[in-house]
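What follows is a set of notes on a single structure, which appears directly below.
Nothing in this text is a laboratory measurement; each read-out follows from the coordinates by a stated rule. Everything quoted here is computed from the prediction, not taken from an experiment. Cβ placement follows ideal geometry from the backbone for every residue including glycine, while neighbour counts extend to all protein chains displayed.
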Amino acid sequence: MRIYDFIRIFLVSLACMAVLGSCGTSKQVVYFQDLTPGETEIRLPEVKAITVQPEDKISIIVNSRDPQLTTLFNLPYVSRQLGQASDALSSSNQGISVYTVDKNGEIDFPVLGKLGVSGMTREEIASYIKKELIKENMVKDPIVTVEFANLCISVLGEVNSPGRFNIDRDRMTVLDALSMAGDLTIYGNRSRVLVLREEGDVQKVYGLNLTSGQSVYSSPAYYLQQNDVVYVEPNDVRARQSTVNGNNIRSTSFWISLASLLTSVAILIFH
């Protein structure tokens with residue numbers, strides 16, 4: 001076999017490898033490949049509602065038919081002077097009573113005093129305060145509304161808009177978090193998404209494979225908790241780009257450069 005035939009075969013083989021590699025890459029960017037519309041059913045994990053923990057902030061508003069009576073239980077958030085709201089605080093936050101849960105899991109609620117709320121959901125806190133107000137004969141028909149004030153999750157890595165995002169509902173999923181972060185970039189590794197969660201003095205790490213619906217929907221990290229960190233690892237393409245000129249043995253440019261070098265050498269030898 002002449003050297004030119006060898007080079008021709010080598011280049012054709014290299015082209016085929018590049019085509020096959022691109023096909024393999026396309027399979028790595030499609031979500032939920034194991035799900036079939038109308039046929040697949042996956043049992044979701046038990047919902048673990050978000051519960052209030054020490055250092056969390058919550059807003060509590062008490063309403064009733066007698067607004068003057070409920071004023072006693074709503075902390076003034078915006079100080080007013082000469083009929084004007086303070087410029088230091090946004091007008092959008094007027095009327096919000098924010099309580100910080102202390103290290104003992106308690107809040108200091110007006111009139112009622114110290115209330116232990118750690119480990120409770122929003123609904124449980126609202127029900128607890130409502131019962132206490134009725135039991136103490138302070139308000140006959142209270143309507144208590146509890147909202148999260150500072151609960152957040154973080155999304156890092158290969159997403160379009162990484163950052164911290166507020167939790168505005170009791171059930172926030174990892175898919176919600178990725179959507180708020182603008183979805184994964186084309187360089188995000190769909191099979192290596194990590195959720196980091198602090199539980200007591202233990203740092204737990206959960207792994208999700210977005211190409212598998214079974215992996216996502218059955219994971220205990222499908223429903224997020226406050227302070228969770230979602231991290232999307234870079235794929236091999238991004239990892240190669242992080243090397244000098246992206247030119248290592250796994251890169252296409254490396255093999256093209258090698259083929260060009262061999263061709264040049266062969267021409268010089270057999271010219």
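Below are the figures for this structure:
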{"read-out": "Relative contact order [Cα under 8 Å, 6+ residues apart], the stretch 152-234, whole percent", "value": "41 percent"}
{"read-out": "Sequence-distant residues sharing a close amide H with Asn189 (under 5 Å, placed H)", "value": "Glu233, Asn235"}
{"read-out": "Qualifying lysines (Cα of each under 22 Å from Cα of Lys114; at least 8 residues distant if same chain)", "value": "Lys57, Lys103, Lys130, Lys131, Lys135, Lys140"}
{"read-out": "Per-selection Kirkwood Rh - the stretch 111-249 (Cα, Å, 1 d.p.)", "value": "17.7 Å"}
{"read-out": "Peptide ranges 184-192, 135-143, 228-236 listed from the most packed, as the mean C-beta count within 10 angstrom indicates", "value": "228-236, 184-192, 135-143"}
{"read-out": "10 Å binning of all Cα-Cα separations within the stretch 152-234, expressed as whole percents from 0 upward", "value": "20, 56, 23, 1"}
